[in-house]
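Quick notes on the structure that follows.
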Amino acid sequence: MSVVSSPQLRAQLLREQLNHHAYLYYILDQPALPDAEYDRLFRELEALEAQHPELRTADSPTQRVLGKVLDGFAPVRHTVPMLSIRTETDTEASGAEHFDARVRRELELSSAAAPVEYACELKFDGLAINLRYEHGVLVQAATRGDGETGEDVTQNIRTIRQIPLRLQNVSAPVLEVRGEVYMRRDEFEQLNARQRELIAAGHKNEKTFVNPRNAAAGAVRQLDSSIAARRPLSFFAYGLGDVQGWDVPPTHSGVLDALAEMGLPVCVERAVVKGATGLIEFHQRIGNQRDALPFDIDGVVYKVNSLALQQRLGFVTREPRWAVAHKYPAQEQITRVLDIDIQVGRTGKLTPVAKLEPVFVGGTTVSNATLHNEDETRRKDVRVGDRVIVRRAGDVIPEVVSVVADQVNQVDQVTAVGKRSAPFDLFKQLNGHCPVCGSDIAREMGEADWRCTGGLYCSAQRKQAILHFAGRRAMDIEGLGDKLVDQLVDSDRVKTLADLYTLDVATLMQLERMGEKSAQNLVDGLNASKKTTLARFLYALGIRQVGEATAKDLAKHFGSLDRILHASVEELLLVNDVGPIVAQSIHVFFAQPHNREVLDALRAAGIHWDEHAGSNADASPKPLAGKTFVLTGTLPALSRDEAKELIEAAGGKVSGSVSKKTHYVVAGAEAGSKLQKAQELGVMIIDESQLQALLSHTT
Ligand code: 5U1
């Protein structure tokens, strides 16, 4: 209920509340208001502004998407030119040494002089943007352009929720903030998965994006800001442009701290170091973490920390002498497609995979890359013999992003018979039959994928299903690797999941490279796996659409397998995050007589768990309930999964990132940025023995 009577005051209060909660949510990752309450306040402000249009201010959260389609972007002349950064392509330690030596030479420092202090940051792979705040309110956002003149992309930048429309406690007449708009890797993958679905459903104008940088740059340059608003963009601030009426701190690290205080997103992966040794350490540390970062970087940035020294160093042409981007090996490379194979997945999905001339990309040698599905392969028009760009970033499966379209390539694509191979046609290539079991293949209306119809009759699906069942996060059967599964399935010793539990040492010893000790270890592993949890068991079954999180939700909601077996689609829909497609998939799975038979056989083989453990029906006290943990580094005895399971069993939650809401960070050897962030935020840091102590109080 509103206690403020004047519409003007009420609108101001609502704006402040909504902007504050957006800051907690998007910058600090600490939501303090349920979504529904945020929406209610938002709608109240919208209604108030509709009644009193004069109350609509530039910093109103309702003004993020203006819904006006532009004819083009107006040019913006930068008051202070947007410089670029010198690139050091020597990806070894010597790259950092050269930069430090250059700085020392320019500053005329003798070898006896103290090491130079540097601010180290990440080199985000995105699009540089200048944000102009006047009296704390965002008034303009512009691209870099040629450094002198950029384009006015304010409409699109306003849609990025991490970018504050009003800075906290800033009244300076002018404060320009520079930084990078980028797209997180997981959000990029989700965006492309959605795009692939749209294409499969017949939306001819849709396309997938080559990489997060292109997707981000494309979104920023959309003339229709409602399209930009649907693209998951993020932002990191890393510097200043024009500043009037604000006391600039004396160091670059101080500037970044101040920007963070104003409510701007500043990446926590940064450090102040001394000399070349410090630079090299930072380059190596971030290099080791690169795959685990949630976004792409192409290097790190070193800047002389003192702004006075920066001024002394000045710049050459458009590049400052006081900064450098020290690169890492590229995440995209060009290579050639030798062949296109079709692989059969666990659910029968047929995936075209490009066999490549091996190429070093993103730190490893890649010789296979996914083409996702037939439509994608055709849309990219990838054919055998083509030169293609391959991308491997993070722990995402390498993919072919595009064919190299140049003259040289056109000549290269000509095959021995003088013309390019035919466009990819999955059905034709397979003659309509699964390459593994010969069953018919089918593609349903509105589906992007061809599938083998053989089900578990298809040995490829059986092999994948067994490997999934045995996986670490499923039944965790030690010693059951892919070579062994190949033999067990090919020799017909294992036809169903339950057959695994009939294996004995004598049978196993008949297999290749299987001595008595390995056979005994596997039998022990199988026996040990029999005691499990309902959630793990459900996940292990490999039901389509049921990942680990859904399996946990199902186990928690129903508490027993029998209740799940008998649940209707409507009852399944009551489970957290279960929608109609997932509910249908679960229902269909358990309705199949052959699946019921396998379940019965698995239970008969001795697989068991505590029914109701961890379920909503479980009333035992959970002393870690409400406590959030973050795990970092390598613990001496427990694996990450084990620690997570113990914490969750005691009612705690394990989160992937540290925030002020984290109760404990459990740190092991080589803990990285999470430990640092915990220290910065004053979060309690404990080791494995302290975790064990907390857990032992719980039993
Ligand atoms: N982190 C960071 N990225 N980046 C890019 N800092 C930074 N600074 C830049 C650029 C182009 O330029 C300044 C050194 C002028």
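The values are calculated or read from the model by the stated rules, or taken from the named source; none is laboratory data. As the structure is a computational prediction, the values presented were derived from the model and not from experiment. Note that each Cβ is placed from the backbone with ideal geometry, even for glycine, and that neighbours are counted across all protein chains shown. Accessible surface areas use protein heavy atoms only, side chains included; no ligands, DNA or RNA. Shrake-Rupley method; radii C 1.70, N 1.55, O 1.52, S 1.80 Å.
For region 5-63, with all protein chains present and a 1.4 Å probe, just round the carbon and sulfur fraction of the accessible area to a whole percent. On region 5-63, the fraction of accessible area on carbon and sulfur atoms equals 53 percent. Straight-distance candidates among the aspartates and glutamates for linking to Lys355, with alpha-carbon spacing under 13 Å and chain neighbours fewer than 8 residues away dropped: Asp339, Asp341, Asp386, Glu399. For the pair region 1-70 / region 498-521, the C-alpha centres are spaced 65 Å from each other. On a per residue basis, the chain carries 48 Å² of accessible surface, using protein heavy atoms and a 1.4 Å probe. Cβ distances below 4.7 Å define possible disulfide partners, and in the chain the cysteines left without one are Cys120, Cys267.
Using only alpha carbon pairs under 8 Å that are at least six residues apart, calculate the relative contact order of the chain and give it in whole percent.
Working: 1245 pairs, mean separation 64.1, N = 699.
Computed value for the chain: 9 percent relative contact order.
Given only helices, namely DSSP H runs of n ≥ 4 each adding -39500 (n - 2.57), what is the per-residue ellipticity at 222 nm of the chain, to the nearest 500 deg cm²/dmol? Counting only the DSSP helices, I get -10500 deg cm²/dmol.
Of all aspartates and glutamates in the structure, the ones whose alpha carbon falls short of 13 Å from that of Lys204, not counting any fewer than 8 places away in one chain, are Asp375, Glu376.
Spatially, region 343-400 and region 229-287 are offset by 36 Å when compared through their Cα centroids. Considering only C-alpha atoms, what is the centroid distance from region 92-116 to region 296-337, in Å? The distance from the Cα centre of region 92-116 to that of region 296-337 comes to 15 Å.
Straight Cα distances below 27 angstrom link Lys530 to the lysines Lys463, Lys483, Lys495, Lys517, Lys552, Lys556, Lys622, Lys644, Lys653, with same-chain residues fewer than 8 positions distant left out.
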